[in-house]
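We did not get these values from a lab; they are worked out from the coordinates using the rules stated. Bear in mind the structure is a predicted one, so any value in this text is a computation, not a measurement. With ideal geometry, Cβ positions are generated from the backbone for all residues, glycine too; neighbour counts draw on all protein chains shown.
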């Protein structure tokens, strides 16, 4: 019998991207900036 | 003609980043421009949540996570703003926090009928946009009937837990991959992409897979 080990995946992309872990959904800082930028665009600033 | 690139997505129905990530992924696929085959897999973020949780998402966060009500309201406000930036009008005032295992069973039922992608979109809309209940069998059956599934057969399948083993198998497979958060995308069985990435991140990895396939032909 062998030890259970995770199936290997090559993890790519932004390691800080927003995700829900358990029943908690974190909001990374860069998403805050994205919202501010979107609002600025909406307001034609 | 080459085979479509398979993308397996682990996701939960009441995960705000999963719906936002779905939109970003779809935009990434459009940027990529090639053929992609998507299959959704079950991931239960809060399997201990009662079906009829008596409270709002703010209550849930403040009661379960020890976050102040003010902080919880602020967090929800920020997620709502981010959702809006991808064209989704989250309605947290009318969300019914619930247990999603039956919704996951329904997604497997829909997959067995070739309708999983429509069902996934409809369930996310139901929960985040429409204030519909996605934990109770009669409500889920109504939603399923809207996309053309047989309401009575859905009730039978959900009541008999016909697809519960498939839900648990997905959860077990997520553990084998080492997935502990969602959304999580497994692309071509090789690349793992975690979270609501920007569209370009999805487009890039899809393009990488396409290039690798061309290189071996």
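Tell me the relative contact order for chain B as a rounded percent, counting alpha carbon contacts under 8 Å between residues six or more apart.
33
Once you sort the root eigenvalues of the Cα gyration tensor of the stretch B:5-216 as a ≥ b ≥ c, which label holds: rounded (a/c under 1.5), prolate (a/b larger than b/c) or oblate (the other case)?
oblate
Would you mind giving the mean number of other chain beta-carbons within 10 Å of the Cβ of each residue in B:186-195, as a whole number?
The per-residue average across the peptide is 5.
Kindly work out what percent of the DSSP beta bridges joining two residues of chain B are antiparallel, to the nearest 5.
DSSP beta bridges in chain B are roughly 55 percent antiparallel.
Between residue A:7 and residue B:180, with labels modelled 7 Å along Cα→Cβ, what's the label distance in nm to one decimal, could you check?
2.0
Please compute the average number of Cβ atoms from other chains found within 10 Å of each residue's Cβ in peptide B:58-71.
Details: counts 0, 0, 1, 3, 0, 0, 3, 3, 0, 1, 0, 0, 0, 0.
Across B:58-71, the average partner-chain Cβ count within 10 Å equals 1.
For residue B:68 and residue B:168 in the same chain, what is the full-extension length gain: residue separation times 0.36 nm, less their Cα-Cα distance, in nm?
Length gained, residue B:68 through residue B:168: 32.7 nm.
Suppose we look only past 16 Å in the calculated P(r) of the stretch B:145-200. What percent of the Cα-Cα pairs does that tail hold? Write out the running numbers ahead of the final one.
Numbers: 932 of 1540 pairs.
Cα-Cα pairs of the stretch B:145-200 separated by over 16 Å account for 61 percent.
In nm, give the distance between the simple-model label positions of residue B:150 and residue B:30, each being 7 Å from the Cα along the Cα-to-Cβ direction.
Distance between the two pseudo-spin positions: 3.7 nm.
Would you mind telling me the antiparallel percentage of the DSSP bridges in the protein assembly as shown, rounded to 5? Please report the intermediate quantities before stating the final value.
Details: 12 of 22 bridges.
In the protein assembly as shown, DSSP labels about 55 percent of beta bridges as antiparallel.
Just grab the label-to-label distance for residue B:211 and residue B:52, each label 7 Å out from Cα along the Cβ direction, in nm (one decimal).
Result: 5.6 nm between the two label points.
Can you give the mean number of other chain Cβ atoms that lie within 10 Å of the Cβ atoms in peptide B:150-156?
0
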